[in-house]
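The values are calculated or read from the model by the stated rules, or taken from the named source; none is laboratory data. Given the structure is predicted, the values throughout are model-derived calculations rather than measurements. Quick reminder, even Gly has a Cβ in these numbers, built from the backbone with ideal geometry, and neighbours come from all protein chains shown.
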């Protein structure tokens, strides 16, 4: 009989038989399961080389992932020979009983923290690296304070290359809105839908519609991260309805005459503070030379501008593999002329918006203007003065959909309709009468 010797099944024949009995799909599943299983252990151990003059050793948490050991400090220093490697506790003595009891309690707390982190990764079917574990372990306490967790999580995204510095700065501004709403300490697990609705009411009483929606969009993102990482069972946004589309009607932009009024402030720039002049230059540059986002101006560098042409990799441009390229008008060239390094001094967007209110008041402009309105102003003027809206959408603003850019077509049309009303001051005369203007004056052009 094939595969048998002396009527007995050999080990090799048995393996062949078992293999042939298992469907390929099930075998691949077994292989996949084997590939994601990690061998992880952790122990409290003394650092072999870190020792104080008193003879006390530094202790740390040794985490071993797939055979690779690393040490994490836990801020415990004591004599190595009084530590039991098996029980991972310090041996009690009458002399230092209270001190040793406290350190053993601290050790148990650190081990519990490590166990909680690893358990969350296992329950969510995620692999963990030493870098991830170090971040989780170091920032574990921030889970008890949502403000700290948000900041630490955004810092991690920045260090991991998931976001860039301008995005991190924008997150800071949005996190500050929640902190002004709820300044006290609040664990992320204590956030519920009722609190989100109160936060929404607070935002709507203090900010423009699009700012409210943009803030909610960011918080939805971070709560989704918290769910995926096992920190909370579900997002507090589940089950509540918050309109998540941007409202076109509330976008403010400057009129041509108002932009001229704002630019006239440069005549009195000696009276402006350094911050006011910086914001004025940023806003006018964005409104007249390309409609740049605030985050883009924060990273704009002299290396991006050569021979009057600005080339910059925007966030959306990088995603699509296309860079922004704009031929600067004279006013834009004048603003950046002779500058080296960063073109504008970095500033938080909240500060920029507050400064803009002051500048608008100084220029005699009575409108609710934020920095983003510079982009809206440029887009509206571009179409108003005959620019191709398709070029504006694809080549300058990098919009993924033309529909997004059509708001500027609408605003431009409104400006043109209003301009045409200026001709209403002319009226047709009756036979034999003078031409009378609607303002009451007479046309005496035929008088000698």
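If a residue must be in contact with a helix residue (DSSP H, G or I) (Cβ under 9 Å, 6 or more places away or on another chain) and at pLDDT 85 or above, how many such residues does segment 93-130 contain? Spell out how you get there, then give the answer.
Pass one, segment 93-130, residues in contact with a helix residue (DSSP H, G or I) (Cβ under 9 Å, 6 or more places away or on another chain): 93, 96, 100, 110, 113-114, 116-118, 120-121, 124-128.
Narrowing further to those that are at pLDDT 85 or above: 100, 110, 113-114, 116-118, 127-128.
Residues that pass the stated criteria total 9.
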- Query: Taking segment 45-102 only, how many residues are on the phi > 0 side of the Ramachandran plot and surrounded by 16 or more Cβ atoms within 10 Å (Cβ to Cβ)?
  - Reply: 1
- Test result for residue 108, assigned to a strand (DSSP E or B) and in contact with a strand residue (DSSP E or B) (Cβ under 9 Å, 6 or more places away or on another chain): no
- Take residue 189 and decide whether it is touching a residue at least 12 places away in the same chain (Cβ under 8 Å), within 29 Å of residue 252 (Cβ to Cβ) and surrounded by 12 or more Cβ atoms within 10 Å (Cβ to Cβ). no
- How many residues, within segment 275-314, are buried (at least 19 other Cβ atoms within 10 Å of the Cβ), assigned to a strand (DSSP E or B) and touching a residue at least 24 places away in the same chain (Cβ under 8 Å)? 1
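Please report, ordered by residue number, the helices (runs of 4 or more DSSP H) entirely within segment 324-420 with at least 1 residues that are under 27 Å from the mean Cα position of the chain (by Cα), assigned by TED's automatic domain parsing to the domain that holds residue 298 and farther than 15 Å from residue 292 by Cα.
349-362, 402-420
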- Any chance residue 197 is in the same structural domain as residue 336 (by TED's automatic domain parsing) and modelled with pLDDT of 90 or more: no
- Query: Among the residues of segment 137-158, which ones are modelled with pLDDT of 85 or more and touching a helix residue (DSSP H, G or I) at 6+ places or on another chain (Cβ under 7 Å)?
  - Reply: 137, 146, 147, 148, 149, 150, 151, 152, 153, 154, 156, 158
- Taking the stated definitions as given, is residue 102 more than 36 Å from the chain's Cα centre (by Cα) and part of a loop (DSSP other than H, G, I, E, B)? no
